[in-house]
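Each remark here refers to the structure printed beneath this line.
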Amino acid sequence: MKFDVDAFSAWEHKSITLLGMSGVGKTQLSNILMRENWFHYSGDYRIGTRYLDEPILDNIKLQAMQVPFLQELFRSDSIYICNNITVHNLNPVSSFLGKLGNPELGGLPLAEFKRRQDLHREAEIAAMKDVPAFITKAQEIYGYKHFINDAGGSICELDDPQVLDILSQHTLILYIQASKNDESELIRRSVAAPKPLYYREAFLDEQLALYMSERQLPYVAMVDPDDFVRWVFPQLFYARIPRYQAIADKYGYSITTAELARVKDEGDFLRLVAAAVARGK
């Protein structure tokens, strides 16, 4: 949605979608707003509990069935496995997405890695298309006045115009742009603790070819999973920036992580959004 400042201030039931790389403060902000009558919709939580729940459990069961002791217990229905995904614990989603490379180092073959990437993409699209229904649920069932959509960092890579149309029709889209200092910190964190990531297939194919050429590796099975994530993250980070900005320019507004760092409560946040609306970009 596009607003002028007066229209935004008068908007009785505010619904805002947060865009930005993981680590820019989307979830931290959502936690602040939850205390002040905002419903927190976590895209990653919806993905893990609704759209990838069965694939995640199947993957865990597949690993457990390799243990003879557990295998017999599973086959006799003596035990079962369930997910314990929370907004603050999305490890089952990350572990399913996995990393590409040498299986002896915990990596996945390229075909399986791409299969899981595709499942994640479809799950994220579905989770974002659920936003309008959850805006209604937040008000009518749970009694929240406002709604915050904590979107995943890979939303800019879905290449599904319908998702952005839906979000722009039902929410104000707010891009949190990392400052130069925060850019460096986000990259430093990723290098220190490489995590599973979603990549557009064209981006993955291009970067993987460059990585293997640089490392002189003839087979994907020789790729060190953590080393590839460390190597590719800066490229991914800077490839996503213009995509986020294009979404903000067309559908919404932008703020910076430096501005967001000064937000301590709902009032601070609403004043910041109003300032972004006044800037018109």
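Quick look at the values:
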| item | result |
| --- | --- |
| Whether the chain is rounded, prolate or oblate, judged on the alpha carbon gyration tensor where a/c under 1.5 counts as rounded | oblate |
| Relative contact order computed over segment 1-113 (Cα-Cα under 8 Å; 6+ residues apart), in percent | 18 percent |
| Degrees separating the helix 201-215 axis from the principal Cα axis of the chain, which is the longest one | 50 degrees |
| P(r) weight above 24 Å for segment 81-198, C-alpha pairs, percent | 43 percent |
| Estimated distance in nm for a label pair at residue 88 and residue 201, the labels positioned 7 Å out from Cα along Cα-to-Cβ | 3.9 nm |
| Relative contact order of the chain, pairs being alpha-carbon contacts under 8 Å that are 6 or more residues apart, as % | 32 percent |
| Environment charge of residue 217, counting only residues whose C-beta is closer than 13 Å and scoring Lys/Arg +1, Asp/Glu -1 | -2 |
| Relative contact order (percent, whole number), segment 71-212, Cα cutoff 8 Å, 6+ residue spacing | 25 percent |
| Spin-label pair residue 104/residue 76, simplified geometry with 7 Å Cα→Cβ offset, distance in nm | 3.7 nm |
| Ranked 128, 34, criterion: other C-beta atoms within 10 Å, fewest first | 34, 128 |
| Cβ-Cβ FRET estimate between residue 268 and residue 213, R0 fixed at 51 Å, reported to 0.05 | 0.60 |
| Segment 216-230 versus segment 132-192: alpha-carbon centroid distance in Å | 31 Å |
| Nonlocal amide H pairs with residue 17, under 5 Å, H built at 1.01 Å | 149, 172, 173, 174 |
| Backbone HN-Hα couplings from phi across segment 183-197 [Karplus 6.51/-1.76/1.60, Hz, Gly and Pro as x] | 4, 4, 5, 5, 5, 4, 4, 5, 5, 6, 9, x, 10, x, 9 |
| Cα centre as origin, Lys/Arg/Asp/Glu Cβ charges: the chain dipole, Debye | 480 debye |
| Difference of contour (0.36 nm per residue) and Cα-Cα distance, residue 141 to residue 169 | 7.9 nm |
| Footprinting exposure proxy for 231, 38, 11 (fewest neighbouring C-beta atoms within 10 Å first) | 11, 231, 38 |
| For segment 218-233, 3J(HN,Hα) per residue [Karplus equation, 6.51 cos²θ - 1.76 cosθ + 1.60, θ = phi - 60°, Hz, x = Gly/Pro] | x, 10, 4, 5, 9, 6, 7, x, 5, 5, 5, 4, 4, 5, 8, 4 |
| Ranked list, fewest to most other Cβ atoms within 10 Å of each Cβ, for 73, 172, 204 | 73, 204, 172 |
| Segment 116-257, Cα convex hull volume normalised per residue, Å³ | 132 Å³ |
| Shape call, segment 69-145: gyration tensor on alpha carbons, a/c limit 1.5 | oblate |
| Alpha-carbon Rg with Dmax, taken over segment 175-269, Å | 16.6, 56 |
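Any read-out appearing in this document is the output of simple, stated calculations on the displayed coordinates, not a laboratory observation. As the structure is a computational prediction, the values presented were derived from the model and not from experiment. Virtual Cβ from ideal backbone geometry, glycine too; neighbours counted across all protein chains shown.
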